[in-house]
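One structure is given below, encoded as structure tokens.
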Amino acid sequence: MVAPAASGSDPALLRRLNTELALRTVRDLGEMTLAEVARVAGLARSTTADVLGDLVRSGIVAELQPASGRSGRPARRYAFRADAGYVAGVGIDSTGVQVVLCDLSGDVILTSSGELDTRQAASPVRIARQVVESALREAGLRPRLLRAVGVGVPGVVGAAGDILICHSHPDWDGVDLAGTLSRELHCPVLVENRGRMAVLGEVWRGIGDGVQDLIFVHAGARNGVGVIAGGVLLRGRHGAAGEIGHHPALSWTGQRRYRDDLAELYPELGLTDAAAAAFAAAAAGEPRASALVERYVRDLAEGINALVLVVNPELVVVGGPITRGGDPVLAALRARIDQVALFPPKVRFSELGDDVVALGAVRRALLRIDENLLELT
């Protein structure tokens, strides 16, 4: 719903508010005539013509050719230019990186992924900058069109976008990722941990659409959690909400043994590929993989049950390599949650695959643009 036109005694402020109102109207409602924008926005026709002219000159709104075949003077039509800028979402974990590039309407232009060389130390700033710049080159886009970037990283992220704690990369502790990367890419950068970016992605493009109380669990080399309660993304005072893996009473703290077991089962594979292979083999009935997966599901359910009892969610979405296990693994996990929960939630596997974190990072970047829409002009 479009807000009513602003009034006041400051002409510059009034002009700015009217410009934003017209821009939001065209962006949200699509191609419109000048008269339609004026009517919906509640602005005078002359005011609407002035601010739309400014928006056309800035390049964020296009003036379209009048429709042909009509009698009388053709009406001018206007449309939001989604190609006037782009946003990037980056997901970084202990072994790989994903990037999603979208236009200003959220339409995906490009997706890409790659592995991290764990033998070489690289800062998250360098990793994110290189993958974003590579995506822009591949898409044939000029760097100046990049309007905002979201980045999801493992660990605890502070309110300013600095990495406070990162167990998988201890040398990343204290890195001002948002500030440094923003200066290098010349645009706003929003940083969150992977779990929170993933839950944003699930709500935006996945099975969490419209759900107000949702837990997302990324089940991988290190389990990550994102929680939305009452429609609000939970961060906590230090950005550590949902970090239940640190509780010694839960089996999430002992995941090193799974790494050792996977290395023994699949010595030729890296950790992520070995986990995916184990879940796929368990789905096919291979005994050793099945025993490993059964133990993993039991331990995973312990942590999820703790979260479910606190949050009382409508939906639990689980992503990561565990989804390769298919319906048998999902059924086993659901049964263990149903045994404990007072009001058992729906339990589903994510359908967004490895892109869920990067998609959530894109969503966070688009929200930043929406909060500061006139920065596009």
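The values are calculated or read from the model by the stated rules, or taken from the named source; none is laboratory data. It should be emphasised that the depicted structure is a prediction, and the values quoted were computed from it without experimental measurement. Cβ: placed from backbone, ideal geometry, glycine included. Neighbour counts: every protein chain shown. Only protein heavy atoms, including side chains, enter the accessible area calculation; ligands, DNA and RNA are left aside. Shrake-Rupley method; radii C 1.70, N 1.55, O 1.52, S 1.80 Å.
Residues satisfying the criterion are absent from the range 33-54 (criterion: under 14 Å from Phe80 (Cβ atoms), assigned to a loop (DSSP other than H, G, I, E, B) and open to solvent by 10 Å² or more (accessible area, probe 1.4 Å)).
Residue under question is Ser123, and the condition is that it be polar (S, T, N, Q) and either under 15 Å from the mean Cα position of the chain (by Cα) or more than 17 Å from Val362 (Cα to Cα) (or both); does it hold?
Working: polar (S, T, N, Q): yes; either under 15 Å from the mean Cα position of the chain (by Cα) or more than 17 Å from Val362 (Cα to Cα) (or both): yes.
Yes.
When you go through Ala12, Ala22 one by one, which is the residue that is modelled with pLDDT under 95, at negative phi and outside any loop (DSSP other than H, G, I, E, B)?
Values: Ala22 fails: modelled with pLDDT under 95.
Going through Ala12, Ala22 in turn, the sole match is Ala12.
Got at least one residue in the range 204-216 being open to solvent by 20 Å² or more (accessible area, probe 1.4 Å), within 16 Å of Arg368 (Cβ to Cβ) and either modelled with pLDDT under 95 or out of contact with any strand residue (DSSP E or B) (no Cβ under 9 Å at 6 or more places or on another chain) (or both)? The answer is yes; a qualifying residue exists.
The rows are residues; the columns are (1) closer than 28 Å to Arg27 by Cα; (2) part of a loop (DSSP other than H, G, I, E, B); (3) of a type outside the set (A, V, I, L, M).
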residue: Val87; (1), (2), (3): yes, no, no
residue: Val97; (1), (2), (3): no, no, no
residue: Ser105; (1), (2), (3): yes, yes, yes
residue: Ala122; (1), (2), (3): no, yes, no
residue: Gly174; (1), (2), (3): no, yes, yes
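Note on the range 343-353: among residues that are under 21 Å from Gly89 (Cβ atoms) and surrounded by fewer than 18 Cβ atoms within 10 Å (Cβ to Cβ), the one that is modelled with the lowest pLDDT is Gly353. Taking (1) within 20 Å of Leu373 (Cβ to Cβ); (2) without any contact (Cβ under 8 Å) to a residue 12 or more places away in the chain in turn, Tyr86 satisfies each apart from (2).
Having 2 or more residues that are within 30 Å of Glu20 (Cα to Cα) and not aliphatic (A, V, I, L, M) is the bar; report the helices (runs of 4 or more DSSP H) wholly within the range 258-377 that clear it.
Correct list: 356-371.
Is it fair to say Val318 is β-branched (Val, Ile, Thr) and in contact (Cβ under 8 Å) with a residue 12 or more places away in the chain? Outline the logic, then answer.
On the way: β-branched (Val, Ile, Thr): yes; in contact (Cβ under 8 Å) with a residue 12 or more places away in the chain: yes.
Considered against the rule, which asks whether it is β-branched (Val, Ile, Thr) and in contact (Cβ under 8 Å) with a residue 12 or more places away in the chain, Val318 comes out as yes.
Could you count how many residues in the range 324-342 are charged (D, E, K, R) and crowded, with 17+ Cβ neighbours inside 10 Å? Break it down stepwise before answering.
Of the residues in the range 324-342, the ones charged (D, E, K, R) are 324, 327, 334, 336, 338.
Still in the running and crowded, with 17+ Cβ neighbours inside 10 Å: 324, 334, 336.
Number satisfying all stated conditions: 3.
Residues in the range 266-297 that are open to solvent by 50 Å² or more (accessible area, probe 1.4 Å) and β-branched (Val, Ile, Thr): Thr272 alone.
Among the residues of the range 229-241, is any of a type in the set (A, V, I, L, M, F, W, C), open to solvent by 20 Å² or more (accessible area, probe 1.4 Å), touching a strand residue (DSSP E or B) at 6+ places or on another chain (Cβ under 8 Å) and closer than 20 Å to Asp173 by Cα? Yes, some residue in the range 229-241 is of a type in the set (A, V, I, L, M, F, W, C), open to solvent by 20 Å² or more (accessible area, probe 1.4 Å), touching a strand residue (DSSP E or B) at 6+ places or on another chain (Cβ under 8 Å) and closer than 20 Å to Asp173 by Cα.
Residue-level analysis places Val310 among those that are without any contact (Cβ under 8 Å) to a residue 40 or more places away in the chain, open to solvent by 50 Å² or more (accessible area, probe 1.4 Å) and under 24 Å from Gly195 (Cβ atoms).
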